[in-house]
1. So V133 passes all but one of these: (1) surrounded by fewer than 22 Cβ atoms within 10 Å (Cβ to Cβ); (2) aliphatic (A, V, I, L, M); (3) touching a Pro at 6+ places or on another chain (Cβ under 9 Å); (4) more than 18 Å from F166 (Cβ to Cβ). Which condition number does it fail?
2. From the residues in segment 161-175 that are outside any loop (DSSP other than H, G, I, E, B) and modelled with pLDDT under 90, which one is nearest to D19 (Cα to Cα)?
3. What number of residues in segment 90-112 are hydrophobic (A, V, I, L, M, F, W, C) and touching a residue at least 40 places away in the same chain (Cβ under 8 Å)?
4. Are any residues in segment 56-85 in contact (Cβ under 8 Å) with a residue 60 or more places away in the chain, out of contact with any Leu (no Cβ under 8 Å at 6 or more places or on another chain) and of a type outside the set (A, V, I, L, M, F, W, C), and if so, which ones?
5. Checking R97 against (1) surrounded by 15 or more Cβ atoms within 10 Å (Cβ to Cβ); (2) basic (K, R); (3) in a loop (DSSP other than H, G, I, E, B), which single condition isn't satisfied?
6. Restricting the search to segment 72-90, which residues are surrounded by 20 or more Cβ atoms within 10 Å (Cβ to Cβ) and assigned to a helix (DSSP H, G or I)?
7. Evaluate segment 21-44: report whether one residue or more is among the hydroxyl-bearing types (S, T, Y), under 12 Å from the mean Cα position of the chain (by Cα), within 23 Å of P169 (Cβ to Cβ) and at pLDDT below 95.
Amino acid sequence: MSPVQEQTPAVADAQAFKDAMALLAAPVSVITTVDAAGRRWGFTASSVSSVSLEPPLVMVGIALTSSCHAPMSTAEEFVINVLDERHREVARRFAARGVDRFAGSGFGGWPGRAGLPHLPDAKVLLRCRTVDVIRAGDHDLLLGTPLEIRTGSAATPPLLWYRRDFHTPAPAAAPA
């Protein structure tokens, strides 16, 4: 048992916890990597966050039961592809089991990085070097330091996960 698990009391009502977390809007990303054999791996994530500015660190949560867990938790590098409203189908495909997630998805290989998969038209791309993997309950937290950052158009609304579905925020009304 990890120190976090030892210090964390059991949730009184697991369903209430799930329902509460469904009300926490989160940006949607697809996390990608390649394994030693060159096979591409990726999954849809809403648990991505900045952790530190000095040094720059990001965190990605991945379930221990994920089909991508082993390659992601042992990868030297991974890419965080932050999605926008145009990428709903990409998000759905990378959340599905038993499909070729990369088929027809528009992913290319990062130049000079052994085919590290990325979505060229993503809202934000963060190519990260893995610096640590921390067990936290039924997930591992991948900590990475961004090596390269690319940003796309700010005009396209982000894709968000909220109330167990994909959403895009409505534009704010102009002040009167």
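The values are calculated or read from the model by the stated rules, or taken from the named source; none is laboratory data. Everything numeric in this text was worked out from a predicted model, so none of it was measured. Quick reminder, even Gly has a Cβ in these numbers, built from the backbone with ideal geometry, and neighbours come from all protein chains shown.
1. Only one criterion in (1) surrounded by fewer than 22 Cβ atoms within 10 Å (Cβ to Cβ); (2) aliphatic (A, V, I, L, M); (3) touching a Pro at 6+ places or on another chain (Cβ under 9 Å); (4) more than 18 Å from F166 (Cβ to Cβ) is unmet by V133, namely (3).
2. For segment 161-175, the residue satisfying everything is Y162.
3. Residues flagged as hydrophobic (A, V, I, L, M, F, W, C) and touching a residue at least 40 places away in the same chain (Cβ under 8 Å) within segment 90-112 amount to 6.
4. Of everything in segment 56-85, those that are in contact (Cβ under 8 Å) with a residue 60 or more places away in the chain, out of contact with any Leu (no Cβ under 8 Å at 6 or more places or on another chain) and of a type outside the set (A, V, I, L, M, F, W, C) turn out to be P56, T65, H69.
5. (1)
6. Those that are surrounded by 20 or more Cβ atoms within 10 Å (Cβ to Cβ) and assigned to a helix (DSSP H, G or I): M72, H87, V90.
7. Looking through segment 21-44, none of the residues is among the hydroxyl-bearing types (S, T, Y), under 12 Å from the mean Cα position of the chain (by Cα), within 23 Å of P169 (Cβ to Cβ) and at pLDDT below 95.
Results for (1) in a strand (DSSP E or B); (2) touching a residue at least 60 places away in the same chain (Cβ under 8 Å); (3) under 16 Å from the mean Cα position of the chain (by Cα); (4) on the phi > 0 side of the Ramachandran plot, shown as yes or no for each residue.
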site: A114; (1), (2), (3), (4): no, yes, no, yes
site: L126; (1), (2), (3), (4): yes, yes, yes, no
site: R129; (1), (2), (3), (4): yes, no, yes, no
site: V133; (1), (2), (3), (4): yes, yes, yes, no
site: G144; (1), (2), (3), (4): yes, yes, yes, no
site: L147; (1), (2), (3), (4): yes, yes, no, no
